[in-house]
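A.B. asks: Here you go, one structure.
What follows draws every value from the coordinates through simple rules; no lab data is involved. In this text, all values refer to a predicted model and were calculated from it rather than measured experimentally. Glycine gets a Cβ as well: all are built from the backbone with ideal geometry, and neighbour counts include every protein chain shown.
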Amino acid sequence: MKTSGLIGFPVILLLVLVNFACTSGDNQPLLPTISGMPGDLIIVINKAELDTRIGDEFRRVFEEPYQVLPQYEPVFDVIQVPHNAFGNVMKSQRNIIIVDLSPKYQESKIIVQKDIWAKPQLVLNMNARDDDAFIRLFKDNEKRIINLLENIERQRLMDTYKKNLDGKILETLKHKYHLSLLIPKGYQIKQEADDFVWIGQDVSTSILGVLVYQYEYSDTNTFTKEYLIKMRNRYAGKYVPGEIEGSYMITEQEYGPFFSQYKLRGERYVAELRGLWKMEKGISMGGPFVSITTLDEKRNKIVTAEGFVFAAGQKKRNYLRQVEAIVLSLEIP
């Protein structure tokens, strides 16, 4: 999730943010809303080029398993479109990579554009003189490309949530727990205590949940994988029961969780866990979760915000991205 500056790299990633929107007399944009499903990625490339090592590189990166899901789902759903078929319908898609190979390109470049044919859209123009130059360009910048795509998918969700916030839950989080999260309407408070709140949304056969818990900061080992798993099990075990009496949520530790540290929005230090949860002493239930933990310095409190998903027999990637967008909206005034 972290990005770094590009000065000093042999291949330069140009961040050119362009808005070509036509406007009406009252200055309102006339661009259509993006089409396609969340996670879709259109790659404009001819089949002859896709059948080379370029296609192998795309598959290696974009068809990699999405982290911590219990079944295989790719990071992005790739749709290949040849240049001569890239018409108006495809130009309205949410995420587009346009591959252009030509001897006229003396320097390999990636030009990033927003809202060219629709809103809110991301278009990456990847230009190189030949296959070898393109592969170097792609390998040098693959993490940045994934970050750009992940970030804009998350921002789209956050922008949607901002337009449809649940004011009552927002006030509860602000006044009782001294924090804010972008909780859209459709969620409700399922469990509440002085140091814990469970906010959930039941959609058909799926459950999307957000947990917030906090406790006094007293241990310098707080921001370690082992300690955060311990505290997660303590709060989930106490407040998130299963369908059968005596069952409760715990962390699945056979496959993870994965631990990382970074600065949220470049400002606040957080420790992140991504893993799987399951029910102890109950029927077989489980799914993925993502949590971030930080320190509220003014109150000397450790604060954890977590999103989890239950969707038996269904794809879970987009559900996980939905709760992840809520969790990563965390702010402590």
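A.B. asks: Given a Förster distance of 56 angstrom, what is the FRET efficiency for Thr220 paired with Gln106, based on the Cβ-Cβ distance and rounded to 0.05?
C.D. replies: Taking R0 as 56 Å, the efficiency between Thr220 and Gln106 is 0.55.
A.B. asks: In addition: With the alpha-carbon atoms as the only input, what is the per residue convex hull volume for region 143-291 in Å³?
C.D. replies: It is 149 Å³ per residue.
A.B. asks: Measure off 7 Å from each Cα along the Cα-to-Cβ vector at Asp56 and Asp130, then give the distance between these two points in nanometres to one decimal.
C.D. replies: Result for the modelled spin labels: 1.7 nm.
A.B. asks: How high is the relative contact order of the chain, given as a whole-number percent (alpha carbon pairs under 8 Å, six or more residues apart)?
C.D. replies: 15
A.B. asks: Sort all Cα-Cα distances of region 12-162 into consecutive 5 angstrom bins from zero, then give the percent of pairs in each bin up to the one containing the longest distance.
C.D. replies: Calculated over all Cα pairs of region 12-162, the distribution is 2, 9, 17, 22, 21, 15, 8, 4, 2, 0, 0 percent.
A.B. asks: To the nearest 10 degrees, how steeply does helix 317-327 sit against the main Cα axis of the chain, on a 0 to 90 scale?
C.D. replies: 60
A.B. asks: List the relative contact order of region 215-333 as a percent without decimals, with contacts defined as Cα pairs under 8 Å and 6+ residues apart.
C.D. replies: 19
A.B. asks: For the chain, find the longest principal axis of its Cα atoms and tell me its angle to the long axis of helix 167-177, 0 to 90°, nearest 10.
C.D. replies: The two axes meet at around 60 degrees.
A.B. asks: Which entry in (1) 62, 42, 36; (2) 66, 51, 41; (3) 68, 51, 38 is this structure's computed Cα extents along the principal axes in Å?
C.D. replies: (2)
A.B. asks: 222 nm [θ] for the chain, helices only, -39500 (n - 2.57) per DSSP H run of 4+, per residue, to 500?
C.D. replies: After summing the helix terms and dividing by the residues of the chain, the value is -8000 deg cm²/dmol.
A.B. asks: Residue by residue, what Karplus-based ³J(HN,Hα) values in Hz, rounded to whole numbers, does region 236-251 have, using 6.51, -1.76 and 1.60 with θ = phi - 60° and x for Gly and Pro?
C.D. replies: Result, ordered by residue: 5, x, 7, 10, 10, x, x, 6, 9, 4, x, 8, 7, 7, 9, 8 Hz.
A.B. asks: Same structure, new question: Using only the alpha-carbon atoms, how far is helix 53-62 inclined from the longest principal axis of the chain? Give it as 0 to 90 degrees, nearest 10.
C.D. replies: 20
A.B. asks: For region 214-219, what does the Karplus curve 6.51 cos²θ - 1.76 cosθ + 1.60, with θ = phi - 60°, yield as ³J(HN,Hα) per residue in whole Hz, taken in order and with x for Gly and Pro?
C.D. replies: Using θ = phi - 60°, the values come out as 8, 7, 5, 7, 9, 10 Hz.
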